[in-house]
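To start, the structure itself, in structure tokens.
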Amino acid sequence: MKFFEQALQNVNLEFIDNQNANVYSLEDISSLNFLETNKVLVFAYLDNSIEAISIFWSLMKSNHCIALLSPSLANHFKEDLEELYKPVLIFDNVRIEISGYDNLNEKSIKYFQLIKKDIFRIDDEVKVLISTSGTTGSPKFVKLSEENLIANAVSICDYLPINSTDVTPLNLPIFYSYGLSILTSNALKGGRIICTNDDPLKKEFWESFHKYGYTSFAGVPFVYEMLDRIGFTKKTYNSLKYFTQAGGKLQDALVSKYGQYAYENGLKFYVMYGQTEATARMSFLSPEFTLDKVGSIGKPILNGSFSIDETTGELSYIGPNVFGGYVEKREDLSSFVAEKILKTGDIARIDEDGFYYITGRLKRVTKIFGNRINLDEVEALIFKQFGVSVRCVGFNDSQLVLFTVDEKLDLKELNKFISTDLKLHISVVKSKYIVEMPLTLNGKIDYKELIKMYGAK
């Protein structure tokens with residue numbers, strides 16, 4: 001069964017345009033018709049507006065393969081991708097024209113169609129492509145099937161208290177697997193979905209929050225760090241039922257703080273773990289264990305299981321939501337081979353009660369003059385000591401570089417602490433203030449950009 005057909009069975013599902021409060025059913029916003037009947041590749045540069053969500057559901061209703069991409073990608077990245085993949089249809093409200101494509105319009109929605117047809121085979125299983133990089137226009141995509149999408153959404157509905165009375169904002173982009181999972185899981189069991197591009201770090205989001213009575217919201221670690229700085233836990237939110245965190249490890253002190261806030265206010269705070277290759281979610285920490293198992297990613301989702309490599313400590317996952325391989329050129333679309341085991345690239349441990357903990361990334365380890373240093377552990381160490389979020393990168397295997405936006409932090413004291421604690425010569429540790437932390441379009445810390453910033457000093 002198509003995911004669209006599953007969502008259609010949810011009679012309580014409604015979509016609200018945050019711009020004008022208009023209400024639409026799933027059938028209302030999936031009425032866009034396509035000239036193409038054979039399965040073709042579609043590039044969809046979509047935000048979370050009602051027009052974009054309409055395009056998404058119309059494509060989900062169709063037979064076509066959808067590559068979800070950020071509309072904010074630089075045009076030269078878009079052009080490079082389109083030259084490589086030759087999509088037959090392109091949805092992009094940013095550009096007026098695209099070389100080699102006809103500009104078409106239907107119901108005020110603009111899209112482009114390839115003039116010279118260049119049809120190539122796409123496996124029946126391949127439905128959605130999500131880029132492995134939301135910022136640089138990487139040609140590498142993750143292949144997801146209808147089964148992947150359904151399995152992921154069903155597992156999320158199994159543990160999140162989603163029901164027909166919910167009012168859920170799409171406050172994470174749907175071209176990001178976490179944002180897409182919010183849309184798909186609520187489409188199966190939820191009520192009202194607010195189509196919005198509002199940012200939780202700006203007042204417009206909270207104005208809409210109170211206007212519509214949001215019952216949940218989602219955030220990556222950076223969002224929760226910033227919400228803590230602006231006093232989220234000092235206020236109450238009458239309509240809120242639960243809030244979720246994924247997209248990387250949140251510092252233990254903040255997990256405790258948000259967990260305690262949720263406990264005191266009758267809310268549920270879900271710490272979750274996932275990857276795009278698993279269509280988003282692999283595990284969750286049930287709220288009753290948040291304060292007892294601080295730092296844990298919990299236990300596997302419905303129909304999923306973990307294992308840890310005895311030699312490397314790497315965490316692996318098995319489940320029906322595991323992707324069908326990567327795409328780096330259009331010929332890769334002709335096959336879909338479900339991976340039996342997903343190697344996450346994360347180092348993990350399991351405690352005596354069966355709860356899993358991520359202790360670092362295989363690739364977030366650097367060597368400074370032969371000393372192996374886990375950069376995630378360094379960040380956690382600094383936060384525990386100073387109560388401030390500092391980002392850490394290794395540079396040329398000879399320097400440990402620390403970045404902070406907090407001007408109150410004494411950099412000399414920070415450097416001395418790290419050099420002493422890690423037994424590194426003080427000359428190896430460098431730190432600097434920056435005006436703002438660079439983020440990927442998914443809201444995660446852009447470590448590659450930090451390395452560039454330091455290298456360009």
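What the table shows:
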item: Restraint check, K235/K363; K127/K189; K329/K432; K78/K408, Cα-Cα greater than 31 Å; result: K235/K363; K329/K432; K78/K408
item: Viscosity 0.692 mPa s, 37 °C: Kirkwood-radius Stokes-Einstein D of the chain over Cα pairs, µm²/s; result: 142
item: Nonlocal amide H pairs with G345, under 5 Å, H built at 1.01 Å; result: L315
item: Relative contact order computed over the chain (Cα-Cα under 8 Å; 6+ residues apart), in percent; result: 12
item: Per-residue HN-Hα couplings for segment 96-103 [Karplus 6.51, -1.76, 1.60; θ = phi - 60°; Hz; x = Gly/Pro]; result: 7, 9, 10, 4, x, 10, 7, 8
item: Loop sites in segment 404-457: GluC sites (Glu not before Pro), DSSP, at most 13 other Cβ within 10 Å; result: E407, E436
item: Anchor K116: aspartates and glutamates whose Cα lies under 16 Å away (excluding residues fewer than 8 positions away in-chain); result: E36, E82, E83, E97, D102
item: Projected-area mean, segment 144-214, by convex hull of Cα positions, square nanometres; result: 4.8
item: GluC sites (Glu not before Pro) restricted to segment 1-62 and DSSP loop, no more than 12 other C-beta within 10 Å; result: E27
item: Helix-only [θ]222 nm of the chain, DSSP H runs n ≥ 4, -39500 (n - 2.57) each, per residue, nearest 500; result: -8000 deg cm²/dmol
item: At most 13 other Cβ within 10 Å, DSSP loop - trypsin sites (Lys or Arg not before Pro), segment 117-180; result: K117, R121, K140
item: Cα gyration tensor, segment 365-455 - rounded (a/c under 1.5), prolate or oblate; result: oblate
item: DSSP loop chymotrypsin sites (Phe, Trp or Tyr not before Pro) with at most 16 other Cβ within 10 Å excluded, longest remaining stretch of the chain; result: 121-368
item: The chain, dipole about Cα centre (Lys/Arg Cβ +1, Asp/Glu Cβ -1), debye to the nearest 20; result: 920
item: Listed residues F355, N148, T37: farthest to the positive end of the dipole of the chain (Cβ charges); result: F355
item: Gain upon complete extension [D102, D309; 0.36 nm per residue less C-alpha separation]; result: 69.3 nm
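All of the numbers you see were taken from the coordinates with simple rules; none came from a lab. Keep in mind it's a predicted model, so treat the numbers as computed, not measured. Neighbour counts are summed over all protein chains in view; Cβ atoms, including those assigned to glycine, are modelled from backbone coordinates with ideal geometry.
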